[in-house]
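A short worksheet on the structure shown next.
The values are calculated or read from the model by the stated rules, or taken from the named source; none is laboratory data. All values reported here derive from a predicted model rather than from experimental measurement. Cβ: placed from backbone, ideal geometry, glycine included. Neighbour counts: every protein chain shown.
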Amino acid sequence: MLITAEKPDDVSTLIESLLGYRVAGMILTSDSPTRALIEDCKRQGLPVVLVNRAGVSNWGDRVVADNETGGRLAAQLLIDSGAQRLGCLLPRRGTYSVSGRCDAFLATAERLGIAVKVIHAEDQSYADARAGIVDAGRDALGHVDGLFCATDLMAIGALDALRLDLGMSIPDEIQVLGFDDIEQASWASYNLSTIRQDIKHQSEIVVRLLIERIADGTLASRVEQQPLSPVLRGTTRHVG
């Protein structure tokens, strides 16, 4: 049974409704479930697997991207592609995974003595990302030659803003790097360099953990990290 929430505030209500169906286990991909809600699952002995979510409770298993590695890799990819003045586009409303990778990106740049221009979008949508870049303006972005975007969707909004709204050349004036490797990233109109999360492998891990948890509820809580890999396309000036 698949249940989707239109708004973060809907998540707890929907999960409470789902508990009434006497399901054998749950996979949660929302950042919104509260500790109290997860503890309610614990009281009912309901197996739970959290995907890319913080450990708000000692109940359930987690499958997460290695945010620390992801942020470091993003910074290093841009630097290796010749960027010297970095930027980071991130949403004002953070989540565990998005905030984690952006924090690691900023920390890596600081450790290397490279200043970063932080640009905020209201949220993670294409429209919000495009508006955030337009609001920052060409003058501010003219001092950035390598922009890391918290997600591919935000990177696509940024690309349209940079090229169509601000008239900047990609990657000649500014390089752009996303995160996730969604389908649109490979479209010829974007050809976006990014860091790939292997969703198929992630899904296999999630299902395996849930099946194992259903079979043996005494297992200790587990955290498994999904692999990340660079996908270099046309928005960076990488060698080769």
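Within segment 137-158, does at least one residue satisfy the condition of being in contact (Cβ under 8 Å) with a residue 24 or more places away in the chain, over 19 Å from residue 85 (Cβ atoms), among the aliphatic types (A, V, I, L, M) and surrounded by fewer than 20 Cβ atoms within 10 Å (Cβ to Cβ)?
Within segment 137-158, none of the residues are in contact (Cβ under 8 Å) with a residue 24 or more places away in the chain, over 19 Å from residue 85 (Cβ atoms), among the aliphatic types (A, V, I, L, M) and surrounded by fewer than 20 Cβ atoms within 10 Å (Cβ to Cβ).
On the basis of being among the basic types (Lys, Arg), modelled with pLDDT of 90 or more, within 19 Å of the chain's Cα centre (by Cα) and not in a strand (DSSP E or B), does residue 72 make the cut? Spell out the reasoning first.
On the way: among the basic types (Lys, Arg): yes; modelled with pLDDT of 90 or more: yes; within 19 Å of the chain's Cα centre (by Cα): yes; not in a strand (DSSP E or B): yes.
Yes: the conditions hold for residue 72.
Determine whether residue 140 is of a type in the set (Gly, Ala, Ser), touching a helix residue (DSSP H, G or I) at 6+ places or on another chain (Cβ under 8 Å) and at pLDDT below 95.
Details: of a type in the set (Gly, Ala, Ser): yes; touching a helix residue (DSSP H, G or I) at 6+ places or on another chain (Cβ under 8 Å): no; at pLDDT below 95: yes.
So residue 140 fails the test.
Here is a list of conditions, (1) touching a Pro at 6+ places or on another chain (Cβ under 6 Å); (2) farther than 12 Å from residue 179 by Cβ; (3) surrounded by fewer than 22 Cβ atoms within 10 Å (Cβ to Cβ), and residue 124 meets all of them except one; can you say which number that is?
The number of the failed condition is (2).
Can you pull out the residues in segment 79-115 that are aliphatic (A, V, I, L, M), in contact with a strand residue (DSSP E or B) (Cβ under 6 Å, 6 or more places away or on another chain), crowded, with 20+ Cβ neighbours inside 10 Å and over 19 Å from residue 170 (Cβ atoms)?
Answer for segment 79-115, where residues must be aliphatic (A, V, I, L, M), in contact with a strand residue (DSSP E or B) (Cβ under 6 Å, 6 or more places away or on another chain), crowded, with 20+ Cβ neighbours inside 10 Å and over 19 Å from residue 170 (Cβ atoms): just 109.
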